[in-house]
1. Could you work out what % of the accessible surface of region 13-119 is carbon and sulfur, using a 1.4 angstrom probe and leaving DNA, RNA and ligands out of the count?
2. Between S46, S135, S209, find the one with the highest GNM mean-square fluctuation for the chain; connect C-alpha pairs within less than 10 Å.
3. Say the dipole of region 51-171 comes from +1 at the beta carbon of Lys and Arg and -1 at that of Asp and Glu; which of A151, A69, P167 then lies farthest toward its positive end?
4. If the viscosity is 0.890 mPa s and the temperature 25 °C, what translational diffusion coefficient in µm²/s does Stokes-Einstein give for region 70-174 when Rh comes from Kirkwood over Cα pairs?
5. Rounded to the nearest 0.05, what FRET efficiency is calculated for T2 and E88 with R0 set to 22 Å and r the Cβ-Cβ distance?
6. Distance in nm between label sites at E213 and T139, each 7 Å beyond Cα in the beta-carbon direction?
7. I'd like to check one number: the per residue accessible area of the chain, probe 1.4 Å, reported in Å² as a whole number.
8. If you plug each phi of region 137-143 into the Karplus form 6.51 cos²θ - 1.76 cosθ + 1.60 with θ = phi - 60°, what whole-Hz ³J(HN,Hα) values come out, in order, with x for Gly and Pro?
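The values are calculated or read from the model by the stated rules, or taken from the named source; none is laboratory data. If you're wondering where the values come from, they're calculated on a predicted model, not measured in any experiment. Every residue, glycine among them, receives a Cβ derived from its backbone with ideal geometry; neighbour counts consider all protein chains shown. Side chains included, ligands, DNA and RNA excluded: accessible areas come from the protein's heavy atoms. Shrake-Rupley method; radii C 1.70, N 1.55, O 1.52, S 1.80 Å.
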Amino acid sequence: MTVTWEELGWERLAAGVGRCRLPGWDCTVGLVLGEGTALMVDAGSSVAEGARLRAQAQRLSGGRVTHLALTHPHFDHVFGAAAFAGTEGYGAVGVDAVFAYGREELRADAIRNGLPQADADEAVDALAPPRHLVSGEWTLGLGGGHQALLANVGPGHTAHDLAVLVPGSVSGGPEVVFCGDLVEESGEPQAGPDAVPSRWPDALDRLLSLGGEDALFVPGHGAVVDAAFVRRQRDDLATRFGVT
């Protein structure tokens, strides 16, 4: 049975491209449909949430989820990754080291922010690094002429920030850029101990260059924004961190 994006609580952004704002931390996940393929962007904040997202994505695609891109290594974006076992996983270079050596900090951060300890323990125990590590740009073919561009645009929000561009020529609409937490709309961008503030404005310049003036920019938290919003946030961050 065909199901619409809206029936499952998702927002359609272009043909075959959508996103869902999740409860709890207002975190965004994305979905890009190809021909017999489906790319998830981020995985949710727990294994159970990841499993729900995978089931919804498979209803929307009519097939299985084949690829998973993780925008950055924070619990609310990666703790659902174990639910996507069997997919081809992608992350920025260095994410593998965070998953290997920073697991306890990820777990502690999740619990500090309200994730039940049992959920945090389950996610950390099952957390595996993505198979494919992106150092520059990686064009991901999704079949039938569909593709997505994975771009290591950081550091900024973290040392390992990955953006996902869906070209307008593929979707039949505007370019769509999944930004991770390099861009936030529902609150001020969060700069934790793993942020690289001096490089963050440059990362937003790269996002703007990637998407262009007419793109839809999908933040890690909050509503979809335009290039003008991203540029204002870039300037605010430069002022906030004293970057010229």
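1. On the way: 1980 of 3820 Å².
Exposed carbon and sulfur together represent 52 percent of the surface.
2. S209
3. My answer, from the dipole projection, is P167.
4. Working: Rh = 14.7 Å.
Roughly 167 µm²/s, to the nearest whole number.
5. Details: r = 26 Å, r/R0 = 1.19.
For T2 and E88, the calculated efficiency is 0.25.
6. Going from the E213 label point to the T139 one covers 2.6 nm.
7. Details: 9980 Å² over 244 residues.
Roughly 41 Å² per residue, with all protein chains present.
8. Values per residue, Gly and Pro as x: 10, 9, 8, 9, x, 10, x Hz.
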